[in-house]
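K.L.:
The structure that follows is given in the form of structure tokens.
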Amino acid sequence: MFIERELFEKKMQYIIKRLDKIDKTLVSMAKQRCYLDGELLYDNYDLCKLLNISKRTLQRYRSSGELPYHTLYQKTFYKESDVSNFIRLNFSKDKGNDSDNLDLEEETVDS
């Protein structure tokens, strides 16, 4: 089955125009950020990627009250300042030594 050259070029131009339109839409969507009281908001996906944690771990942080959150239109958001405080408090290098945890594990294994 052969397609005439003119018809083929016409279809290809249509496809390229549609792809360009989709590309512009995606670029504009990527530039849109959510803000609350002038602060950048992260959603669950953003925060999981940022902290390299699972959705379940993020849920645990919310449930325990360690990480403040806001729900807007049934979607969970986290203020940038709250995330910064949470990281500072929970992921600092000074908080506990791994060697202490290893000593506990060695004691339980020896028992």
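K.L.:
Quick test of your reading of the structure: T71 fulfils all but one of (1) touching a residue at least 24 places away in the same chain (Cβ under 8 Å); (2) assigned to a strand (DSSP E or B). Name the failing condition by number.
P.N.:
Exception for T71: condition (1).
K.L.:
Does any residue in the stretch 40-64 that is closer than 16 Å to E80 by Cα and touching a residue at least 40 places away in the same chain (Cβ under 8 Å) come within less than 9 Å, Cβ to Cβ, of a residue that is in a strand (DSSP E or B) and among the basic types (K, R) six or more places away or on a different chain, and which pairs are these?
P.N.:
Once the first residue is closer than 16 Å to E80 by Cα and touching a residue at least 40 places away in the same chain (Cβ under 8 Å) and sits in the stretch 40-64, its partners that are in a strand (DSSP E or B) and among the basic types (K, R) give L40/K79; Y42/K79.
K.L.:
So, in the stretch 67-94, how many residues would count as being at positive phi and in contact with a strand residue (DSSP E or B) (Cβ under 7 Å, 6 or more places away or on another chain)?
P.N.:
Quick first cut of the stretch 67-94, residues at positive phi only: 73-74.
Still in the list and also in contact with a strand residue (DSSP E or B) (Cβ under 7 Å, 6 or more places away or on another chain): none.
The qualifying residues number 0.
K.L.:
Now a separate question. Pick out the one residue from Y78, Y61, Y42 that is surrounded by 10 or more Cβ atoms within 10 Å (Cβ to Cβ) and part of a helix (DSSP H, G or I). Explain how you work it out, then say what you get.
P.N.:
Working: Y78 fails: part of a helix (DSSP H, G or I); Y42 fails: part of a helix (DSSP H, G or I).
Matching residue, one of Y78, Y61, Y42: Y61.
Bear in mind these aren't lab numbers, they're just calculated from the coordinates by the rules spelled out. These figures come from a predicted structure and were not determined experimentally. Ideal geometry is used to build each Cβ from the backbone, glycine not excepted, and the neighbour counts take in all protein chains shown.
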